[in-house]
1. Does the range 37-50 include one or more residues that are under 21 Å from ILE95 (Cα atoms), hydroxyl-bearing (Ser, Thr, Tyr), within 19 Å of the chain's Cα centre (by Cα) and open to solvent by 90 Å² or more (accessible area, probe 1.4 Å)?
2. Only one residue in VAL259, VAL234 is within 18 Å of the chain's Cα centre (by Cα) and surrounded by 18 or more Cβ atoms within 10 Å (Cβ to Cβ). Which one?
3. ALA158 fails exactly one of the following numbered conditions: (1) farther than 16 Å from LEU131 by Cβ; (2) in contact with a Cys (Cβ under 9 Å, 6 or more places away or on another chain). What is the number of that condition?
4. If a residue must be of a type in the set (A, V, I, L, M), surrounded by fewer than 21 Cβ atoms within 10 Å (Cβ to Cβ) and not in a helix (DSSP H, G or I), how many such residues does the range 69-122 contain?
5. Hey, among the residues in the range 231-286 that are over 24 Å from VAL61 (Cβ atoms), among the hydroxyl-bearing types (Ser, Thr, Tyr) and assigned to a loop (DSSP other than H, G, I, E, B), which one's modelled with the lowest pLDDT?
6. Can you pull out every residue in the range 162-207 that is within 19 Å of TYR126 (Cα to Cα) and either open to solvent by less than 10 Å² (accessible area, probe 1.4 Å) or touching a Leu at 6+ places or on another chain (Cβ under 8 Å) (or both)?
7. Looking at the range 202-220, I want the residues that are closer than 18 Å to SER264 by Cα and at pLDDT 95 or above and have a partner that is part of a helix (DSSP H, G or I) and open to solvent by less than 40 Å² (accessible area, probe 1.4 Å) with Cβ atoms under 7 Å, at least 6 apart or on another chain. Which pairs are those?
8. From the set of residues in the range 208-220 that are aliphatic (A, V, I, L, M), closer than 21 Å to LEU179 by Cα and assigned to a loop (DSSP other than H, G, I, E, B), which is least open to solvent (accessible area, probe 1.4 Å)?
Amino acid sequence: MTATIIDGAEIARQVRAEVARQVKELKDDYGVTPGLAAVLLGDNPASASYVRGKERDCQEVGIYTETFRLPQDVSQGEALDMIAGLNNDRRFHGILTQLPFPRQIDEGFTIRAIHPDKDVDCLHPYNVGLLVQGDPIFIPATPLGVQQLLMRTGHNPAGKHVVVCGRSNIVGKPLAVLLAQKRDGANATVTFCHTGTRNLAEFTRMADILVAAMGSPRLIRGDMVKDGAVVIDVGLSRVDDPSRKQGYRLDGDVDFESVSQVASAITPVPGGVGPMTVAMLLVNTVKAATITIEE
């Protein structure tokens, strides 16, 4: 068996086209332009690159965006002052704080400073609680992107056994909660694995849908996957590779070569989940803007 490639880049393009139509309707019918503020604390090159990509996608679909940068030695007070100002800035319906933060910035405290109505990353405890209760305002971008990849390629999780490997607050935990809910695009039986799971392969081989999000390059091998499973690779690690011009390569959590011979469908890295994460951030920003109209 050779797996079908789930083209996240193409599906993300389709989502952006849908978002662009929604943005145009908001502008034409209500005079509202959705706005996204990106807060970049410090000088992490990867964070800066991610933010530039989000800026490009916002501009493509007509969302107003602006990036607010503070230096590596930014104080906690300066970061909170900036967020407080953006909370009150009516140009912006969503606020994105790009992780990771500099060492001196308290991640949880800073995220909790964002007004829940503008928390388009769904990291604020208020929004996380609503997600757990099954009545979310926003759904975190990567879990929502994974769900959309499954639904738009005919792999409805309903009634399936989904094994989620990884327990981060931005992917593993919310994805497990999302797919277990009694709602469209979910209703799965979910097993939750992590670095403390003994005999990981025993669990992964039971999965109808296997999601790898542990940040461990090529951890999932072909002999760990059930024949015909759908495999979603959320991992993205920079691995030293002297044979490459840049001196490194990007690896997912899945050993693509061996797993693609067993699975029925698989996402590549790059070009799988990554583009969908950005697309879902746009979806959440439009939703935040729509909520202000409904109020």
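The values are calculated or read from the model by the stated rules, or taken from the named source; none is laboratory data. None of the values given here were measured: they were computed from a predicted structure. Methodologically, a virtual Cβ is constructed for each residue, glycine included, from the backbone with ideal geometry; neighbour enumeration extends over all protein chains shown. Please note that ligands, DNA and RNA were not included when accessible areas were found on the heavy atoms of the full protein model with its side chains. Shrake-Rupley method; radii C 1.70, N 1.55, O 1.52, S 1.80 Å.
1. Looking through the range 37-50, at least one residue is under 21 Å from ILE95 (Cα atoms), hydroxyl-bearing (Ser, Thr, Tyr), within 19 Å of the chain's Cα centre (by Cα) and open to solvent by 90 Å² or more (accessible area, probe 1.4 Å).
2. Unique residue meeting the criteria: VAL234.
3. (2)
4. Looking only at that region, the number is 5.
5. Per the criteria, the residue is SER243.
6. Within the range 162-207, ASN169, ILE170, GLY172, PRO174, LEU175, VAL177, LEU178 meet the criteria.
7. From the range 202-220, the pairs are THR204/MET224; ARG205/MET224; ILE209/LEU150; LEU210/THR204; VAL211/VAL146; VAL211/LEU175; ILE220/THR204; ILE220/VAL259.
8. Looking at residues that are aliphatic (A, V, I, L, M), closer than 21 Å to LEU179 by Cα and assigned to a loop (DSSP other than H, G, I, E, B), I get ALA213.
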